[in-house]
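Report on the following structure.
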Amino acid sequence: MAGLLVVPKAEPIQSPGSEPHWRAALRVRESELWMSVRAYGNQRREHLSNHATYILADTINWLSALPENSIHAVVTDPPYGLVEYDDKNHKKLRAGRGGVWRIPPSFDGAKRKPLPRFTVLSADEITALHSFFSAVAFGMLRTLVPGGHVFIASNPLLSTMTFHAFQKAGFEKRGEIIRLVQTLRGGDKPKGAEEEFPDVSVMARSCWEPWGVFRKRFTGTIADNLRTWGTGGLRRASREEPLKDVIQCSPTRGIEKSIAPHPSLKPQRFLRKVVRAALPLGIGIIYDPFAGSGSTLAAAEALGFHSVGTDRDHQYLSMARRAFPQLAALVVRERDER
Ligand SMILES: C[S@@+](CC[C@H](N)C(=O)[O-])C[C@H]1O[C@@H](n2cnc3c(N)ncnc32)[C@H](O)[C@@H]1O
């Protein structure tokens with residue numbers, strides 16, 4: 001399918017209404033680009049709606065063939081430790097035993113779902129993690145338009161590695177969004193010696209999730225870049241209030257988990273805030289390289305944005321086909337977040 005892509009042209013077109021011509025030109029270019037990006041490659045895909053497409057592909061392969069300046073923002077929750085979604089560990093997760101996935105001890109009577117145990121990663125696995133994220137970062141850097149943002153989830157144990165790979169690839173780090181969430185990860189007493197050491201935790205209980213924020217460099221002013229590419233800044237929460245870098249968001253609700261039983265499902269309440277912020281003018285294409293249940297695509301749909309996702313697991317593609325319309329239609333209550 002190479003050659004199909006329509007790369008945005010520089011010359012402005014005249015707007016018929018009161019909209020500035022550069023904004024009308026951005027919309028025309030977005031539509032042209034969308035038709036090519038969603039059709040790009042020969043992998044199996046599902047058009048989840050007129051605005052969203054899910055492609056069964058390895059992200060590094062798909063990105064390596066995608067022409068430059070094809071997407072406007074990335075919002076993603078990658079496999080943090082790489083190994084948790086490899087074939088061996090994935091099979092063990094689905095069989096309900098072993099591997100890097102562990103059922104944490106129950107807490108206050110609550111049954112806890114399997115979590116990957118990243119502290120078991122070997123030095124070689126950590127090196128592989130850095131190489132993998134470097135390849136992902138280079139692919140994104142080439143295919144994002146100038147000024148395009150990446151929001152990438154991590155966890156406090158591995159974020160240094162992931163974020164460093166993005167900076168080394170050439171992205172500007174623009175901060176982190178801290179999702180305040182009771183993960184119930186960590187904080188346990190020494191295993192098998194809980195009574196002997198009742199006052200000791202192996203590590204602190206984690207109550208936050210870091211999301212790295214990166215931007216592809218651009219030349220000229222931010223206003224120029226907004227007019228040319230529609231990117232460079234972040235959408236404000238309102239005219240009076242900017243996006244803030246701490247977002248309170250409780251764990252994914254039961255209703256969402258029943259719609260999309262992915263082991264790492266992210267909540268719509270959080271995703272919609274981040275996806276909205278990622279397109280400062282509301283014009284452009286969101287890409288989720290590790291689309292899982294399609295939750296990022298559903299958040300984009302709820303906001304009326306175009307989005308494309310890749311995942312290499314066909315069971316998650318089937319899950320996304322079923323879950324997408326319901327996740328996109330969910331009503332998100334702002335007051336739950338305060
Ligand atoms: C942490 S999960 C994302 C879940 C998502 N946040 C959600 O709410 O459904 C990471 C996903 O990346 C996928 N994955 C792992 N390696 C991949 C690769 N190289 N290319 C594409 N997808 C990959 C896994 O199958 C998994 O669904």
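The values are calculated or read from the model by the stated rules, or taken from the named source; none is laboratory data. Please read all numbers here as calculations on a predicted model, not as lab measurements. Cβ placement follows ideal geometry from the backbone for every residue including glycine, while neighbour counts extend to all protein chains displayed.
Couple of notes before you dig in:
- The set of residues in the stretch 155-171 that are within 15 Å of the chain's Cα centre (by Cα) and either at positive phi or modelled with pLDDT of 95 or more (or both) comprises PHE163, PHE166.
- Members of the stretch 159-178 found to be in contact with a helix residue (DSSP H, G or I) (Cβ under 6 Å, 6 or more places away or on another chain) and either assigned to a strand (DSSP E or B) or of a type outside the set (S, T, N, Q) (or both), listed by number: MET161, ALA165, PHE166, ALA169, GLY170, LYS173
- Qualifying residue in the stretch 273-288 (condition: surrounded by fewer than 21 Cβ atoms within 10 Å (Cβ to Cβ), touching a strand residue (DSSP E or B) at 6+ places or on another chain (Cβ under 8 Å) and more than 21 Å from VAL136 (Cβ to Cβ)): yes
- Note on the stretch 25-51: residues that are farther than 17 Å from THR231 by Cβ, away from the ligand (no atom under 14 Å from the Cβ) and not basic (Lys, Arg) amount to 10.
- Residue match in the stretch 296-306 (condition: outside any strand (DSSP E or B), touching a residue at least 60 places away in the same chain (Cβ under 8 Å) and more than 16 Å from the ligand (Cβ to nearest atom)): yes
- Qualifying residue in the stretch 260-267 (condition: crowded, with 21+ Cβ neighbours inside 10 Å, among the hydrophobic types (A, V, I, L, M, F, W, C) and either within 15 Å of the ligand (Cβ to nearest atom) or in contact (Cβ under 8 Å) with a residue 12 or more places away in the chain (or both)): yes
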